[in-house]
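Down below is the structure, laid out as structure tokens.
Please treat every number below as a calculation from the coordinates, not as lab data. It should be emphasised that the depicted structure is a prediction, and the values quoted were computed from it without experimental measurement. Here the Cβ is made from the backbone with ideal geometry for all residues, glycine too, and neighbour counts use every protein chain on show.
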Amino acid sequence: MLRGVRIAALATLWLAPLLILVSASTSSSGWISTWSTFGVPSMTPRFLDLSSIPTAVETLHAGRDPLVMNWADPYRRPMNYPRIWLYLFSAAGITRESVSIAAIVFCALYLACMSFLIMQTKYAIDAAILLLASLSVSPLFAMERGNNDLFIFSLVFLACFATNKYAKSALFGAAALLKIYPIVAMIIDGMRRPIKERIAAALPVLLVATLIVLQWHDLLLIRHGTPVSRTMSYGALSLESELLRDTTRWGFLAGLGWTIVMECWLIGALAVRSAWENTVEPNIPVSNPKFAELFSIFGGIYAFTYAIGSNWDYRLIFLLPTLPFALDMVREARHRVWAISYLVLVGIAENSISMGLKWGTLSTHIATFGLFLLLLFMLTNQARNLYVSRSTPDLVMA
């Protein structure tokens, strides 16, 4: 039965996006209406986010800075990616006309990663849940925009399964230089390594961090060019924007924006403290030890991006590789309540774009904030178990 479910899940995983893309590109209803049928907000031109890079190359060749204003972009959006994307696309010869090929390649890389996860499942229900999550609204949103987070997702995923520690660091480092936030994956990876290897793992982190700091002026431009949105987005800044809007509409003010962000951090710190003071459980059983690593790396990325900014909902794809660990925890009595809560909130978050239209944006922000707290609790639990296992050779971290 498991084999049949896996095959059916893999076939559906690849055929569904293919049919949507073909229909959106060839049907008379058009790109926007086809994606809207599946609850995905859509804009033209096709693969809007990725197309901003070749237009930025055009702006650069015209003698202007696309990070300040991308004049060739149809919406005059500043490019909010590091400049390395300009050089990569220019070297690869990717233009407006050929950007669709790059977008489809990014989609295929994402689907390949999720296919690999489905093949690792040991239960039919797990394969079905991963399939549904893989084709939820947020991943489809990433595909519709052709967003390069799909490529970053693939780099981080490949790094997690790399057996060579130097290749592992190189892949994490490449992802960090391309989108900054994966540097937290490098840090977590270094913490998970044996004590003797941590110094060697710290050197690539310092190198990448130095290269990022040298782009400080560009980072300010990127930050300025990235809007804070309360809709179709998650993060402390998005929650702040939503609360300020709603409380003002209700006739009172929740407080200054920075106080809302500080309160998020404070509540997160309390979740960390609660987990650290909890009874140590060094042998959390998982069916595949790699699931624990995926949870810590991808969960850490989500927690980091939530804490520091406002992120469009397509970045919620980074929650998907944490699901196998949570599915294992459902079968563990001590963590069943945490796991069920986590899975329910992931389901809401991944479809928050559509749910926000029905139940209000605040409800989806509550879900993503709840995930932030649940992740911090379990990540701290993992870190504490790691500390104990390194201090006591007989103990092994999950």
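Tabulated values for the structure
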| read-out | value |
| --- | --- |
| GNM result for the chain, Cα springs below 10 Å: residue of LEU386, LEU15, LEU221 fluctuating most strongly | LEU15 |
| Given charges at Cβ of Lys, Arg, Asp, Glu: the range 2-391 dipole, positive-most of ASN278, PHE38, LEU319 | ASN278 |
| Charge dipole of the range 2-391 about the Cα centre (unit charges at C-beta), most positive-ward option of PRO78, SER138, VAL208 | VAL208 |
| Restricting the range 152-216 to trypsin sites (Lys or Arg not before Pro) in coil, as DSSP defines it, with at most 14 other Cβ within 10 Å | none |
| Ranking of PHE151, PHE304 by count of other Cβ atoms within 10 Å, fewest first | PHE304, PHE151 |
| Angle between the chain longest axis and helix 361-391 axis [Cα atoms, degrees, rounded to 10] | 40 |
| Amide H contacts under 5 Å for ALA162, placed H, 5+ residues apart | none |
| With Cα atoms, 0 to 90° folded angle of helix 99-120 axis to the chain main axis | 20 |
| Under 24 Å, Cα to Cα: Lys pairs in the range 2-391, sequence gap 8 or more or different chains | 8 |
| Listed residues TYR110, TYR342, TYR75, most fluctuating in the chain (Gaussian network, C-alpha, under 10 Å) | TYR75 |
| With at most 16 neighbouring Cβ atoms within 10 Å, loop GluC sites (Glu not before Pro) (DSSP) excluded, longest segment of the chain | 98-276 |
| Residues whose placed amide H lies under 5 Å from that of GLY309, excluding near-sequence neighbours | ALA236, LEU237 |
| Three-way shape label, the range 2-391, alpha-carbon gyration tensor, a/c 1.5 | rounded |
| Ascending count of other beta-carbon atoms within 10 Å, so fewest first, for TYR87, TYR123 | TYR87, TYR123 |
| Three-way shape call for the range 142-195 based on the alpha-carbon gyration tensor, with the a/c threshold at 1.5 | prolate |
| Mean residue ellipticity (222 nm) of the chain, computed from DSSP H runs ≥ 4 via -39,500 (n - 2.57), nearest 500 | -23000 deg cm²/dmol |
| Choice from ASN164, ASN288, ASN80 with maximal GNM fluctuation in the chain (Cα, 10 Å cutoff) | ASN164 |
| Debye, to nearest 20: dipole size of the chain, +1 on Lys, Arg Cβ, -1 on Asp, Glu Cβ | 400 |
